[in-house]
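Input: a single structure, listed below in structure tokens.
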Amino acid sequence: MAQKIADNRFRIAGGSPCLEVSWQVTGIRRDPWAEAHPVVPDQAKPEAERGSFLHPDLYGQAAEKSVQRARYPESSQPTADLLSKLGEEVV
């Protein structure tokens, strides 16, 4: 029999025997820090950054496809200092 969350437990019901089930329990923080720093939902990239990646190497793309190069096209090679501040690897 299914039961709602109580005492940090819940019970699911239905489906076939031995059926694998996944679930997720979420909540909304109401503390001062969370209210001062709300989660921002995904937003569309600006047109100039479309087709670029924060970490192009993870997607099998060349370093030229980085968001930083899209943002700063006048700079042919971003400095190692700038990249390290942004968490990017120097390629």
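The values are calculated or read from the model by the stated rules, or taken from the named source; none is laboratory data. Quick caveat, the model's predicted, so the values are computed rather than measured. Neighbour counts are summed over all protein chains in view; Cβ atoms, including those assigned to glycine, are modelled from backbone coordinates with ideal geometry.
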Within region 70-91, track down each residue that is modelled with pLDDT of 85 or more and either within 20 Å of the chain's Cα centre (by Cα) or part of a helix (DSSP H, G or I) (or both). A70, R71
Considering (1) modelled with pLDDT of 90 or more; (2) touching a Gly at 6+ places or on another chain (Cβ under 9 Å), say which one V67 fails and leave the rest. (2)
Candidate set: region 1-54, residues that are at pLDDT below 95 and among the hydroxyl-bearing types (S, T, Y); chosen: the one nearest to Q68 (Cα to Cα): T26
